[in-house]
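Worksheet for the structure shown next.
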Amino acid sequence: MNIYDVSERAGVSIATVSRVINGNSNVSEKTRNKVIDVMKEIGYTPNVFARGLGLNTMSTIGIMCTDSSDLYLANAVYYLERELRANGYDSILCCTGTKSETKKKYFELLMSKRVDAIILIGSKFLSTIAAENAYIIEAAKKLPIMLVNGYLEGDNIYSALCDDETAVFTATDALIKSGRKDIVYLYTSTSYSGMRKLEGYRKAHFLHNIPLNPERIHLCGKNIANSRDFLNELYDKGSRFDAIVTSDDTLAVGALKFAYDKGVSVPSELNIIGYNNSILSNCTAPELTSIDTKLESLCVTTINTLMGIFNGEDVPSKINISADIIKRNTTNF
């Protein structure tokens, strides 16, 4: 028996059960008694659901990312661990790689360590095939699952999301309004976040009645050489374009290398926009215009939400955070 059984039998939310266990005064006497009666009836004893319950907790949170060498993911790990330490929690980090069976293996490992919650960084842990997410939804019956810039609907699953679609739409729209009509889009992933970014690019073209050219949309690995080589090949075939939007700063650096190779002037002939506003955006000449996804805010929001859950508070299951375009010297709009 677990907290979900108590919630279902008492006809109240999980947060209400947590409040009762935690002695929170924001519960009516009638509801409190109902929850306590159900707990006695089914023999429920609070376990590691929350540190705030003060019983049998490990005070440890599991964190999963696919690649700790990735700048975005490495920074996310730093912010999450910083906030957890500030709240008195330790963490266990698992770097899983991209294979689904390995992700599931590490997820089960964290569950076996009886962590108090699991944080998944990015949307690459989620599949478009519902059955492949079943183990995450099942685990959420036992502990909170927190998603940093990923979304999965389910009880006890909480998401902090950057509005990636609007971010790429705004950037592409600004380029079009400034007179750029032939825009290449380079992206690295078909994950939830990756598809939202691509939709933003498409939406801007639809708004301005500009036909989408499949040759201008390219999925490539998150590697400087990959984007540079693709653009060189495109250019060598006689194709000309006046702007490039990317889903990651790494690809934007590759775009700058392409421009240097071909003697294309940036930003007068070619505008380039990166994504994530990473340290790379300040390391190039000219410095990259990039979309700031507010990663630190996403991570702080994730931990604040988790602490709220542990304290029996009502917290939203999904929080959206808006991105900003940080204009530097690769654009002139």
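To test your reading of the geometry: what angle, between 0 and 90 degrees and rounded to tens, separates the Cα axis of helix 249-262 from the longest principal axis of the chain? Value to nearest ten degrees: 10. Given the pairs 103/142; 181/203; 197/294; 142/318; 104/197, which span a C-alpha to C-alpha distance of over 23 angstrom in this model? In this structure, 104/197 exceed 23 Å between Cα atoms. Put a dot 7 Å past the Cα of residue 100, heading toward its Cβ, do the same for residue 236, and the two dots end up 3.6 nm apart.
With both labels modelled 7 Å from their Cα along Cα-to-Cβ, the residue 223 to residue 29 distance reads 7.0 nm. Between 0 and 90 degrees, the angle of helix 295-310 with respect to the longest Cα principal axis of the chain falls at about 10 degrees. Between residue 279 and residue 324, the contour length at 0.36 nm per residue exceeds the Cα-Cα span by 14.6 nm.
Sorting 297-304, 177-184, 241-248 by their mean Cβ neighbour count within 10 Å, with the most densely packed peptide first, gives 241-248, 297-304, 177-184. Below 8 Å between Cα atoms, with a sequence gap of 6+, how large is the relative contact order for region 116-185 in percent? After rounding, I find 27 percent. Among beta bridges from DSSP that stay inside the chain, the antiparallel ones total about 10%. Kindly express, to the nearest 10 degrees and within the range 0 to 90, the angle between helix 100-112's C-alpha long axis and the longest C-alpha principal axis of the chain. Rounded to the nearest ten degrees, it is 30. For the chain, a crude dipole built from +1 on the beta carbon of Lys and Arg and -1 on the beta carbon of Asp and Glu, taken about the Cα centre, is about 180 debye to the nearest 20. Measuring r between the beta carbons of residue 59 and residue 130 and using R0 = 45 Å, the FRET efficiency lands at 0.85.
Dipole orientation for the chain: of the candidates 74, 144, 204, 144 has the Cα lying most toward the positive pole (charges on Cβ; Lys, Arg +1; Asp, Glu -1).
None of the figures in this text is laboratory data; all of them are computed from the coordinates on show. Because the structure is a prediction, the values reported are computed rather than measured. Neighbour counts run over all protein chains shown; Cβ positions are idealised from the backbone, glycine included.
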